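Visitor: I am attaching a structure below and will ask some questions about it afterwards.
We did not get these values from a lab; they are worked out from the coordinates using the rules stated. Only a predicted model underlies this, so the values are computations on that prediction, with no experimental measurement involved. FYI the Cβ positions are ideal-geometry reconstructions off the backbone, even for glycines, and counts take in every protein chain you see.
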Amino acid sequence: MALSAWRKLKRSLKSKLSFLSRPANHATASDENPRLNTATPPLPTISSTSFSFGSRLSRSFSLHSSPKKCAICLRSLKKGQGQAIFYAECSHPFHFNCIADNVKHGNLRCPVCRFKWKDVPFQAPKNVPSFQRSGSLHAHVPPYRAPNASPVHFEPDHYSDDEVIPDVSQGQSSSSRPHAITVRTLPEYPAVSASESFSNFGVLVRVLAPPLDNSLPHHRAPIDIVTVLDVSGSMASKLILLKRAVNFILQNLGPSDRLSIVTFSSSARRILPLRIMSGSGREDAIRVVNSLSAIGGTNIVAGLKKGIRVLEERRQHNSVANIILLSDGCDTQSHNTHNRLEYLKSLPTSIFPSNNASGEESQQPTFPIHTFGFGLDHDSAAMHAISDESGGTFSFIESIDILQDAFARCIGGLTSIVARDVQLKVRSASPGVQIMSTPSGKHKNKIFDQGQQATIDIGDLYAEEEKDFLVFLSIPIFSVDGEERLENTPLVDVSGFQKDSVSMDTVQVEGERVEIRRPQLLSPIDQVLCLEVDRQRNRLQVTETIAKTQRMAEMGDLKGAQALLAEQLSTLLSTASAQAGYDLCNQLEAELKETRKRMETRELYEHSGRAYVLSGMSSHSWQRAATRGFTMPVSSGGNSDMRTTTSYETPSMTSMVMKSQNLNLAPRE
């Protein structure tokens with residue numbers, strides 16, 4: 001009985017002495033980590049006689065709590081002695097090998113303060129291959145894997161720890177390259193009277209990318225993607241669907257694609273370096289995503305800066321690099337969110353292709369940012385500005401339920417890039433024919449040589465993606481001296497070039513010459529309007545009107561915006577292409593009506609109208625699909641089966657969205 005009491009007293013004193021032996025200036029666990037919000041209870045007074053048997057025990061525990069010694073091996077933690085030092089979430093330092101060995105046996109609490117860790121170290125086996133290049137002096141980067149806990153997040157000083165890109169050059173010959181893009185042209189009218197001039201004659205230039213050829217070993221450009229994810233406190237109720245959506249991305253990237261994950265709340269962390277999305281890389285990414293938790297404020301700028309650093313500092317480069325930014329709130333850490341220009345100035349210049357004071361083309365790589373604002377509280381103006389300036393798209397996710405479909409649409413495009421750096425060239429083919437304008441949205445265009453030449457920079461094209469551009473010409477009166485009269489007149493020559501999506505070799509694009517007849521008298525067939533040109537005129541006019549009404553709504557003139565939208569709707573419905581039932585005109589009609597609906601009141605516009613309109617403007621300016629509001633189902637012809645359609649959606653996008661929807665319909669375990 002006495003022996004049992006003695007053992008109980010010894011255990012009690014051992015626990016209390018570990019706290020008594022802490023130096024006076026040593027902070028408590030709750031001081032070191034705000035997540036420990038329970039104060040340590042006051043210790044009872046112990047007489048000096050109680051220490052007589054425990055002097056060695058007291059000395060041992062005082063060493064354990066010393067910040068200069070590892071609490072496991074009791075050796076010095078001084079830097080420069082050839083051992084890595086691990087700082088835990090509770091701020092206590094240990095030798096990395098000591099704590100990794102401790103964790104390996106399932107001990108997930110700090111040996112000093114007993115705080116339960118979420119992020120724990122894991123020491124890779126010796127046979128784990130290095131991610132570094134052969135001959136590199138860098139240390140091995142272990143897989144982000146840990147037993148029974150989320151992986152530890154090491155933040156190196158320089159993000160040059162990206163995983164080596166597989167060699168795809170073998171077996172890739174010039175004869176196995178995908179086909180070049182196709183250029184087609186259509187004049188607004190087949191003929192213009194020789195005795196008349198035409199000051200705004202439209203020529204449609206259509207660019208069509210080839211389909212994916214899955215029979216080729218490397219049929220598309222491999223990509224590097226950085227997902228920058230909002231994990232602030234407001235995301236707590238949405239984390240399950242966010243994790244599911246990000247995991248969908250991971251499962252649908254190829255073995256040559258790489259992905260990195262950055263999260264942000266009040267600050268930002270890179271929780272996964274660029275990893276190949278196959279084998280252990282994908283497994284580690286899934287494990288990291290499933291360990292996400294939500295807390296803190298919203299620091300979008302910090303998240304973007306870290307995401308851009310991942311791409312800027314990588315050692316190797318896939319030919320395509322993009323950033324996916326997702327947030328449900330406003331930037332609570334920036335003071336310039338209401339001033340677009342000042343807010344953009346706080347971001348790295350590498351996301352802005354046109355941010356060059358000299359006016360010359362910059363050689364600095366740029367990274368398109370595809371932004372996803374979801375819910376009704378996100379800063380749609382900031383998200384649109386970021387995507388608009390960087391070359392990405394802005395998607396408005398009105399309901400978190402469609403987030404995975406929105407990601408699927410974006411990934412369906414990014415994983416189907418078949419042409420790079422596409423550029424169109426237009427050259428006048430007859431004296432007096434002058435290029436007046438080439439409205440191209442956000443695609444950079446240039447008219448030079450006194451209207452004799454023009455270029456349009458299209459950039460990357462997804463498989464089977466179509467982009468239409470109208471070139472407006474000034475056509476003079478046609479006259480020929482003598483009796484012989486030439487009736488066919490060339491207007492412009494259209495050509496271009498692209499780069500191969502894998503090798504980046506330049507490929508010349510075969511173009512077309514646009515010709516019209518110039519008779520003295522026009523026949524009825526000469527006056528038939530090209531409906532393809534007409535519907536593209538409608539697209540430009542509707543896009544311009546919506547942009548104008550958005551500016552009016554921002555100034556509070558909702559009544560004027562409503563009137564302008566009604567007028568444009570009436571004009572659209574009276575055009576030949578709309579009356580012919582073209583799908584594009586039907587979509588433009590629906591968009592005008594929905595925009596009017598969301599601008600009925602100031603409250604409704606602030607609630608969802610601004611985000612809906614800005615997302616539409618983003619989609620039209622790049623002629624690229626983006627998700628807007630709720631994706632509405634429409635019937636496909638007479639088929640009772642329902643599917644979702646979005647303007648500018650490519651077959652690869654549609655296929656990926658259908659895959660996402662089928663996955664959502666499948667029963668979950």
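Visitor: When all C-alpha to C-alpha distances in segment 486-571 are sorted into bins of 10 Å, what percent of pairs does each bin hold, rounded to whole numbers?
Guide: Taking all Cα pairs of segment 486-571, the binned fractions are 13, 22, 21, 23, 19, 2 percent.
Visitor: FRET efficiency for A590 and R114, Cβ-Cβ distance as r, R0 = 56 Å, nearest 0.05?
Guide: For R0 = 56 Å, the calculated efficiency reads 0.40.
Visitor: Could I have the simple spin-label model distance between K68 and Q251, label points 7 Å from Cα toward Cβ, reported in nm to one decimal?
Guide: The modelled label-to-label distance comes out at 5.5 nm.
Visitor: Extension gain S91-S655, at 0.36 nm per residue separation less the Cα-Cα distance, in nm?
Guide: Using 0.36 nm per residue and subtracting the Cα-Cα distance, I get 198.2 nm.
Visitor: At 7 Å along the Cα-to-beta-carbon direction for both D377 and R75, put a label point, then send me their distance in nm to one decimal.
Guide: 5.0 nm
Visitor: Something else now. Between T506 and D583, what is the FRET efficiency for a Förster distance of 41 Å, r being their Cβ-Cβ separation, to the nearest 0.05?
Guide: So, using R0 = 41 Å, E works out to roughly 0.70.
Visitor: Measuring from a point 7 Å past the Cα of A547 along Cα-to-C-beta, which residues in segment 443-462 have an amide N at less than 11 Å?
Guide: In segment 443-462, the label zone of A547 (backbone N under 11 Å from the point 7 Å along Cα→Cβ) covers 443.
Visitor: Taking 7 Å along the Cα-to-C-beta vector as the label spot, tell me the R184-D101 distance in nanometres, rounded to one decimal.
Guide: With each label placed 7 Å out from Cα toward Cβ, I get 7.1 nm.
Visitor: Okay, moving on. Please give the Cα centre distance for segment 552-599 versus segment 288-323, rounded to the nearest Å.
Guide: Spelled out, the Cα-based centre of one part sits 39 Å from the other.
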